[in-house]
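The values are calculated or read from the model by the stated rules, or taken from the named source; none is laboratory data. If you're wondering where the values come from, they're calculated on a predicted model, not measured in any experiment. All Cβ positions, even for glycine, are placed from backbone atoms using ideal geometry, and neighbour counts span all protein chains on display. Each accessible area value is taken on the protein alone, full model and side chains, heavy atoms only, with ligands, DNA and RNA left out. Shrake-Rupley method; radii C 1.70, N 1.55, O 1.52, S 1.80 Å.
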Amino acid sequence: MNRIAGRAKIAWLLAGALVLGLVIFLGEYLFQAKDWVVFSGSPHVYSGSNLDCGTVLSRDGVVLLDSSDGRVYSDELSLRRSTLHLLGDRYGYISAPALAGYSSEMVGFDLLNGIYSASGTGGTAVLTVSAQAQEAAQEALDGYKGVIAVYNYKTGEILCAVSSPNYDPDDVPDVEEDEAYEGVYVNRFTQATYTPGSIFKLVTTAAALEEIPDIQSQTFLCEGSYWVEGDEVICTGVHGEVTLRQALMHSCNCAFAQIALELGPEALMRYAEKYQITEPVTFDGITTARGGFDVSGAANVNVAWGGIGQYTDQVNPCRFLTFMGQIAGGGTAAEPYLVQSVSSGLLSSYRASTHMTDRVLPASVAATLQEMMHYTVVYNYGEGNFPDLYVCAKSGTAEQGGGQAADGTFAGFTLDEDYPLAFIAIVENGGSGSRTCIPMVSRVLEACMESMD
């Protein structure tokens, strides 16, 4: 009897262990099955590091990528190139992290049916980008390196994000042997940082409006250069006596050197932090590059250049685009995103929603900046460059040194109920931001408007 009782206890223990193991397995299956299915080495899901299943559409319904039987890109060359950094290539040299962030939805996984439950070929992702705007930006850049991006600051939808150089994923060039493709593996919209040049004067202007009570009644003398303790700050012209609004319109280095020094390094850094200029942006599984602004311990002349946008200043295009949206939105804006929806059957789907950023500016300061930036468009760039739109903007020319041509920069937004768009263009070695970037941005904004209509 004792032997039988002992064996019975062992049997019960084994049965209990089996039940416990089954419960643990079912628990892990319920909570971790998605991770098991879409692990990065799965040949059923990935080609290189990129998803290899499902279909990707633009906001207009244009097929950008069909992976139901291998990776088939658009028939249009300019569209294939312009979306390379959004979709990735066949070999994983250029990755598409936004799509990878929705891998379980793209493979159509659910706990009952496994993967490819709906169509047998994966899900359908709809991006926020306009095929028309992507092509317009690709053609506008026309061999330049740089980035053009536009987003809806009320909804967060990124309508255009083109990084150049890029290449045709259907005809991969010899990247290592051709200097034209230097830096091609970097998505300049999310991964790069740039010296901003005079678009950074918007940060300095906002800080001055908040910090210095009488800043709008002050005037600043520009005689073509401004001396700071034996060092010269050179201006692009001789502007005479200017107000803050006129200084921004003329992009007067002499005036902004004086404003930066009046603010001082601590205030400049405090407001750059408040406006989140150096912070990364996170969306759709992407975390952008971090910018940089540090004038602590800098000589006064370098504090002056820092306020102008030409010292160690570094901005990420996506972050600065968001800051433009925050000015347009009265101090806050929608957070940007790229993936509108993903669907594959009833049990596996995703749809984006709008989330607002922190408030970084008082509404009154944002309103003053809007007026000043529109004044700059009217009396410097010309409203005729942006027909039928109320545009507020600032250009920049970021000196590179070493005999290189300056980078052209241009950033701003539209104040329009139907087309609430913020934009940024950075053209490497493009020279004057107003001369180089304005025609590009005008062309892309027109394409965005047509797509939204």
Within region 336-352, considering residues that are among the hydrophobic types (A, V, I, L, M, F, W, C) and surrounded by 21 or more Cβ atoms within 10 Å (Cβ to Cβ), the one nearest to Ser198 (Cα to Cα): Leu338
From Ala137, Ala133, Ala149, Ala125, residue being more than 24 Å from Ala366 (Cβ to Cβ), part of a strand (DSSP E or B), open to solvent by less than 10 Å² (accessible area, probe 1.4 Å) and of a type in the set (A, V, I, L, M, F, W, C): Ala125
Any hit, region 312-335, residues being open to solvent by 20 Å² or more (accessible area, probe 1.4 Å), at pLDDT below 95 and not in a loop (DSSP other than H, G, I, E, B): no
Check on Gly307, surrounded by fewer than 17 Cβ atoms within 10 Å (Cβ to Cβ) and in contact (Cβ under 8 Å) with a residue 12 or more places away in the chain: no
Residues satisfying the stated conditions in region 68-84, i.e. in contact with a Leu (Cβ under 8 Å, 6 or more places away or on another chain), within 20 Å of Met106 (Cα to Cα) and surrounded by fewer than 23 Cβ atoms within 10 Å (Cβ to Cβ): Arg71, Val72
Residues located in region 383-435, provided they are aromatic (Phe, Trp, Tyr) and closer than 21 Å to Val162 by Cβ: Phe386, Phe410, Phe413, Tyr419, Phe423
Leading residue by the ranking (farthest from Ser198 (Cα to Cα)) among those in region 235-276 that are open to solvent by 30 Å² or more (accessible area, probe 1.4 Å) and over 35 Å from the mean Cα position of the chain (by Cα): Glu241
Strands (runs of 3 or more DSSP E) contained entirely in region 184-234, each with at least 2 residues that are open to solvent by 10 Å² or more (accessible area, probe 1.4 Å): 225-228, 231-234
Subset of region 385-422 (residues that are closer than 19 Å to Cys235 by Cα, surrounded by fewer than 19 Cβ atoms within 10 Å (Cβ to Cβ) and aliphatic (A, V, I, L, M)): Ala405
Residues (assigned to a helix (DSSP H, G or I), among the aliphatic types (A, V, I, L, M) and touching a residue at least 40 places away in the same chain (Cβ under 8 Å)) located in region 248-299: Leu248, Met249, Ala257, Ile259, Ala260, Leu261, Leu263, Ala267, Leu268, Ala272
Every residue from region 316-330 that is within 11 Å of Arg359 (Cα to Cα) and of a type in the set (Val, Ile, Thr): Ile327
Residues located in region 385-399, provided they are part of a strand (DSSP E or B) and among the charged types (D, E, K, R): Lys394
Among (1) open to solvent by less than 60 Å² (accessible area, probe 1.4 Å); (2) in a loop (DSSP other than H, G, I, E, B) - the single one Tyr91 does not satisfy: (1)
Region 171-192: number of residues that are farther than 24 Å from Val150 by Cβ and within 26 Å of the chain's Cα centre (by Cα): 6
Matching residues in region 353-384 - criterion: being open to solvent by less than 40 Å² (accessible area, probe 1.4 Å) and either basic (Lys, Arg) or not in a helix (DSSP H, G or I) (or both): Thr357, Val360, Leu361, Gly382
